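The values are calculated or read from the model by the stated rules, or taken from the named source; none is laboratory data. Note that the structure is a prediction, hence the values are computed from the model and not measured. Every residue, glycine among them, receives a Cβ derived from its backbone with ideal geometry; neighbour counts consider all protein chains shown.
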Amino acid sequence: MHEKAYLLRKVRCVADYQFGKGAGEKLFPSDIVFSVSRRTGRVRLIYLNDELLATVRPTDGLLTLTIEGAERLIAAECSRNILVVVEDDVSPFIERGRNVFAKHVVFASEEIRPGEEVIAVNSESKVLAVGRAKLSGREMKFFDRGVAVQVRRGRRKKAKSAKVSCLLSGGREFA
């Protein structure tokens, strides 16, 4: 139990750093489940009620969100600094996992920097996709060309159960 408390505190701190103060507690309640690498002992995947919320990037230790994780941040109003609002007429394409182009961006937070995790939403704040910013927030609003957000997963794309494959490959789970 002590190890789970340590891991929970650690991922909450990373979430606070990456998404803003208070995001860690809103995103990761105390009943989350970790999938930990057997070899390195590091957190790989973070689940809540068998839904994948986030993964930890091995290169820098930051989080990549899933649609479910993004929805939790939107509901908790902790995502203002990572939001990209797109035109409603391109929403169906972005939901299917297409990239967000700068000419379709209606609003982007000024704090967004290239390479950061962002959430693409429509005008009604419905999560369309999650991905990585290719431009800064200011550039997204002013550029008329180029990819603003490289979408990793759209709402309509269902991920395979990573939990099953991780556990089969020798990962450990902390509930």
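Please verify whether the stretch 91-104 includes one or more residues that are touching a strand residue (DSSP E or B) at 6+ places or on another chain (Cβ under 8 Å), acidic (Asp, Glu), more than 16 Å from GLY20 (Cβ to Cβ) and outside any helix (DSSP H, G or I). No, the stretch 91-104 contains no residue that is touching a strand residue (DSSP E or B) at 6+ places or on another chain (Cβ under 8 Å), acidic (Asp, Glu), more than 16 Å from GLY20 (Cβ to Cβ) and outside any helix (DSSP H, G or I).
When ALA102, ALA108, ALA54 are checked against the criterion of being surrounded by 15 or more Cβ atoms within 10 Å (Cβ to Cβ) and either assigned by TED's automatic domain parsing to the domain that holds ASP16 or touching a Cys at 6+ places or on another chain (Cβ under 7 Å) (or both), ALA54 stands alone in meeting it. Of all the listed residues (ASP89, ASP144), the sole one being among the acidic types (Asp, Glu) and in contact with a His (Cβ under 9 Å, 6 or more places away or on another chain) is ASP89.
So that you can scan it fast, the table gives a plain yes or no per residue for (1) without any contact (Cβ under 8 Å) to a residue 40 or more places away in the chain; (2) more than 20 Å from ARG152 (Cα to Cα):
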site	(1), (2)
ALA5	yes, yes
SER37	no, yes
TYR47	no, no
GLY61	no, no
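Could you tell me whether the stretch 25-46 includes any residue that is under 12 Å from the mean Cα position of the chain (by Cα) and either in a helix (DSSP H, G or I) or over 30 Å from ALA148 (Cα atoms) (or both)? For the stretch 25-46, residues under 12 Å from the mean Cα position of the chain (by Cα) and either in a helix (DSSP H, G or I) or over 30 Å from ALA148 (Cα atoms) (or both): present. Where residues in the stretch 64-89 are out of contact with any strand residue (DSSP E or B) (no Cβ under 8 Å at 6 or more places or on another chain) and not in a loop (DSSP other than H, G, I, E, B), which of them is surrounded by the fewest Cβ atoms within 10 Å (Cβ to Cβ)? Checking each candidate, the answer is ASP89.
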